[in-house]
Structures are given as C-alpha cells and as structure tokens.
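Worksheet for the structure shown next.
What follows is calculated from the coordinates using simple rules that are stated; it is not laboratory data. Bear in mind that the values here come from a model prediction, so they are computed numbers and not experimental data. Using ideal geometry, Cβ is built from the backbone for each residue, glycine included, and neighbour counts are taken over all protein chains shown.
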Amino acid sequence: MNHDQLVDIIQQGRIEWSAHALKRMLEKGISRASVKHIICTGEMIENYPDNKPFPSGLFYGIWQNQPLHAVIAYDLTEQKIFLITAYWPDEEHFETDLKTRRR
C-alpha cells in the first residue's frame, strides 16, 4: 500500500462511509475530519494485505491531543477507501503506547 495514494484518494473525496461506521462515530464523538486526518498524517500500525475483498489496515494518529484509530479497506484499482471503523483506543486492548495490541 502506498501512503501517498491513500492521501490522494482522500483529497479526491473517494472515501466510502458506511451507515454503521457513521453511527458508531457519532456515538463516540468522532468526526469525518478526524478520520481523514488520521489516515493522511498517522501511521499504519497493523496491515492486513490478505483481507477480502480488499486489503485493509489499522491507522494510529493524534486528533486534538487524543490518540485515535481508524480501520480502512482500500481498493487501489478503483481508487477508493472504505472506512470500516474508527475508535478511541484504550489500554484494555492496547499497550500503553496505544499502538501495540495486547495478546
């Protein structure tokens, strides 16, 4: 996955927001702008290249001084991103760096 391609796709507005993801974001106080910011400026901390129907990844970044995760699938052939979910990470599921998943 090429990060510059993802940034270009977002700048073109080619991101799909499922009703379920938007509902969960609203419940958690997560904006579309914050998700776009995390994908464009954050880092991919987990990569799932074999996921179907499209490869996906977990992104980590900071939004308004708070860590935020966004999971996306990406179709580079059609130049589209699909938001799967976004959430505020916690130490119950991640180490104190909020990047390393607890096992």
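Quick notes on this structure:
- Estimated inter-spin distance, GLN64 and ASN51, nm [label 7 Å along Cα→Cβ]: 2.5 nm
- Amide proton proximity set for ILE84, modelled H, under 5 Å, gap of 5+: VAL71, ILE72, ALA73
- Normalising by residue count, region 3-87 has a Cα convex hull of 85 Å³ per residue.
- Looking at the chain, the GluC sites (Glu not before Pro) that sit in a DSSP loop and have at most 13 other Cβ atoms within 10 Å of their own Cβ are GLU78, GLU91, GLU92, GLU95.
- Within the listed set ILE39, ILE15, ILE62, the Gaussian network model of the chain (springs between alpha-carbon atoms below 10 Å) gives the highest mean-square fluctuation for ILE62.
- Estimated vicinal HN-Hα couplings, Hz - region 67-76 in sequence order (Karplus 6.51, -1.76, 1.60; Gly, Pro = x): x, 9, 10, 9, 10, 10, 10, 9, 10, 6
- Using only side-chain charges placed at the Cβ, +1 for Lys and Arg and -1 for Asp and Glu, the dipole size of region 3-87 relative to its Cα centre rounds to 380 debye.
- In degrees, nearest ten, helix 19-28 long axis to first principal axis of the chain (Cα): 30 degrees
- Inter-site label distance for GLU95 and HIS3 at 7 Å from Cα along Cβ, in nm: 2.0 nm
- Considering only PRO67, PRO49, PRO89, the mean-square fluctuation computed in a Gaussian network model of the chain, springs between alpha carbons under 10 angstrom, is largest for PRO49.
- Cα-projected label distance for LEU76 with HIS20, points at 7 Å along beta-carbon direction, nm: 2.6 nm
- Taking other C-beta atoms within 10 angstrom as a stand-in for reagent exposure, ILE10, ILE81 fall in the order ILE10, ILE81, fewest first.
- Under 5 Å, built H, 5+ apart or other chain: amide partners of TRP63: LEU68
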